[in-house]
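Here the structure is laid out as structure tokens; the discussion comes afterwards.
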Amino acid sequence: MSAAPRRTDVLVVAATRAEAAGVPEHCPLLVTGIGKVPAAAAVAAALGRMPDPTAVHVVNVGTAGALRPGVTGLHLPGTVLNHDLSADAVRQLGHDPHELLALGTGDPGTVLASGDVFVTDPAVRDALAQRATLVDMEGYAVAWAAHAAGARVTLVKHVSDTADDSAWDWPAQVAASAAVLGEWLEGALG
């Protein structure tokens, strides 16, 4: 795992204000909106306005669904998967879809699957569990935009549900996740 980012070179990114509720006031914050396209566009635009995006450490905080039994708490995935891309078809057309990104930070054994699908179906969850540990809707896009700009990226996800019917309780769970994410940021940024 890489060293914690310094306050002066960090950009905290969250999809929603609710997920960002615990972010310390001294942290630069970007709220992107939900989904891969808004996340990628917002991060790319923010990094594009910076004099040297390669000096920035993007820290994406947010909630995630657990894809496997017993997965709870806070996680720093080391790999992110773009799960709702037809990667095999793109490869057959002769192109590399880059559906997996190794982050260079976090736990290499923890894979976050990102897609524009709000996962509530146990069959979808179980299929994703063959390839990943957690699921969200923005992590891959944030990582992709940061990598494209040459910025470092760390994904910090707190489990809010089990990617089944419990995901519909997200609004009631997000405050607890935001508090844990804020505590992690306070400890990591000093």
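The values are calculated or read from the model by the stated rules, or taken from the named source; none is laboratory data. What you see is a predicted model; the values in this text were computed from it and never measured. Glycine gets a Cβ as well: all are built from the backbone with ideal geometry, and neighbour counts include every protein chain shown. Side chains included, ligands, DNA and RNA excluded: accessible areas come from the protein's heavy atoms. Shrake-Rupley method; radii C 1.70, N 1.55, O 1.52, S 1.80 Å.
Here are some notes:
- The calculated P(r) of the stretch 131-190, using every Cα pair and 5 Å bins from 0, goes 4, 15, 19, 22, 21, 13, 5, 1 in percent.
- Packing-based order for 70-81, 129-140, using average beta carbon neighbours within 10 Å, highest first: 129-140, 70-81
- All Cα-Cα separations within the stretch 110-161 were binned at 5 Å from zero, giving a P(r) of 5, 18, 28, 24, 13, 8, 3, 1, each value a whole percent of the pairs.
- For the chain, complete DSSP H runs whose alpha carbons reach 20 Å or more along their own long axis and whose mean Kyte-Doolittle score is 0.0 or higher are 170-189.
- Mean Cβ count within 10 Å, highest first, over the residues of peptides 115-128, 31-44, 9-22, 90-103: 9-22, 31-44, 115-128, 90-103
- Kirkwood hydrodynamic radius (C-alpha pairs) into Stokes-Einstein, the stretch 64-169, 37 °C and 0.692 mPa s, D in µm²/s: 236 µm²/s
- DSSP bridge analysis restricted to the chain gives an antiparallel fraction near 25%, rounded to the nearest 5.
- Rg/Rg_globular for the chain, with Rg_globular taken as 2.2 N^0.38 Å and Rg from C-alpha atoms: 0.96
- The stretch 72-190 - percent of accessible surface contributed by carbon and sulfur, probe 1.4 Å: 56 percent
- Residues of the stretch 66-156: accessible area per residue with a 1.4 Å probe, Å²: 45 Å²
- Under-5 Å amide H pairs with Asp84, H placed in peptide plane, nonlocal only: Asp116
- Residue-by-residue Karplus 3J(HN,Hα) for the stretch 100-113, coefficients 6.51, -1.76, 1.60, Hz, glycine and proline x: 10, 10, 7, 8, x, 9, x, 8, x, x, 9, 10, 9, 8
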